[in-house]
1. Among 182-192, 343-353, how do they line up by average Cβ neighbours within 10 Å per residue, starting with the highest?
2. Counting Lys +1, Arg +1, Asp -1, Glu -1, what net charge surrounds ARG167 among other residues with beta carbon under 9 Å of its beta carbon?
3. Cut-off 10 angstrom, C-alpha nodes, Gaussian network model of the chain. Which of PRO320, PRO279, PRO80 fluctuates the most?
4. When we measure straight from the Cα of LYS51, which aspartates and glutamates land under 12 angstrom away, once same-chain ones fewer than 8 places off are left out?
5. Which residue fluctuates the most in the chain, going by a Gaussian network model with Cα springs under 10 Å, if the choices are SER13, SER181, SER78?
6. Please work out the C-alpha center-to-center distance from the stretch 318-383 to the stretch 234-253 and express it in whole Å.
7. Place a +1 charge on the Cβ of each Lys and Arg in the stretch 3-142 and a -1 charge on the Cβ of each Asp and Glu, then give the dipole magnitude about the Cα centre in debye, rounded to the nearest 20.
8. Anyone know which of GLU219, GLU45, GLU124 comes out most mobile in the 10 Å Cα GNM of the chain?
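The values are calculated or read from the model by the stated rules, or taken from the named source; none is laboratory data. Remember, predicted model here, so these are calculated numbers, not experimental data. Using ideal geometry, Cβ is built from the backbone for each residue, glycine included, and neighbour counts are taken over all protein chains shown. Heads up: the accessible areas ignore ligands, DNA and RNA and are worked out on the full protein's heavy atoms, side chains in. Shrake-Rupley method; radii C 1.70, N 1.55, O 1.52, S 1.80 Å.
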Amino acid sequence: MRKRVVILGSTGSIGLSALKVARDLPDRMEVVALAANRQVDVLLEQAREFKPAAIAVYDEDNFSKLKAGAPEGTACFSGPEGLKKLATWANADMVLVAIVGTAGLAPTLAAIEVGKDLAVASKEILVMAGEAVTTAAAKKNIKILPVDSEHNAIFQCLAGEPHRHIRRLILTASGGPFRRSTKEEIQKVTPEQALKHPTWKMGTKITIDSATLFNKGLEMIEARWLFGVPISQVDVVVHPQSIVHSLVEFVDGSQLAQLSHSDMCFPIQYAVTWPDRMPNSLHALDLAKQGSLTFEAPDPDRFPALRLAREAGERGGTLPAVLNAANEIAVPAFLNREISFPRIWGLVEEVMQKHELVAHPSLDVIIKADSWARETARKLLKK
Ligand code: MG
């Protein structure tokens, strides 16, 4: 079956990989709509190649440029309403949400409301509103297909397994560029050093999150919601080669893992073709050439992000949204050299401590907590 896919975030790193998959498997994936934040030139080039029915730009200031350059007959939209329009596009089977940050939340809920299948790459959606999103999806009998490589790996390992078989989900982490750095060295990390990821090529925000391990922390919370397990059953192991993308431990003590080269086309393709598997042009692993795969425990002393995420995941409610929002303020402040690298988690922890948690929050309450956390983080930055 050819899936008609809407890509929200088509000019970002996940979006570009998704289009590679569409190029590779034209019989299985049709691009029906594309949305970007503000890279209009790239978006227009994509529109000329894939001929989607609709395109949208989040940044409203770029709408006239989009409209002027769009191929004839292409519907053009802008702003949050534009994203919603695409997410509910009548002719689409699946919406791939790959927008950085929290802008993906509203279109995701809109897509669920009209019964579209979801492929979720934006972990913020599940971190902030995991309960609301998974409950809404269950009500509409919608499958949320994980695109994040770790969660996609777990999803593959769980194929055909009932929930009661799960003992533990084990997320792998590359450990980032400072895996071997001392606490003193970590104090002095510069943005340039933090932006050099050893194994994955990704966007700026997620690359910094991989260096602090906040990315893995967010993924623990994401896993908790995607697979319906308490966060106490979600563990992390550092695996610097990024070949084993995650594992599941079953109640009998067996563990299953998924392995491939670190290329996002693998998880994106699986999400699109699931439950099928399709031959493609991607290079399969040669383990003999790879030689060795190594694993080690993460160090909570040098990387407190995992502890903070576990706390947020355990206490739940609005706290994960607060952790995420404070981190979204801290990362650009670090990149602009306003704060040191360890101050990223220092700031997140302070904001979390100040927060008055609301349990089982509605979407409005979550969005309020998100704004509160951003505001509080900004105030702390000025101090
Ligand atoms: Mg990941």
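1. Details: 182-192: 11.9, 343-353: 19.9.
So the peptides 182-192, 343-353, ranked by packing, come out 343-353, 182-192.
2. -1
3. Among PRO320, PRO279, PRO80, the largest mean-square fluctuation in the Gaussian network model of the chain belongs to PRO279.
4. Straight-distance partners of LYS51: GLU30, GLU72.
5. Of the options given, SER181 has the highest mean-square fluctuation.
6. Using only Cα atoms to place each centre, the spacing works out to 29 Å.
7. Once rounded to the nearest 20, the dipole reads 220 debye.
8. GLU45
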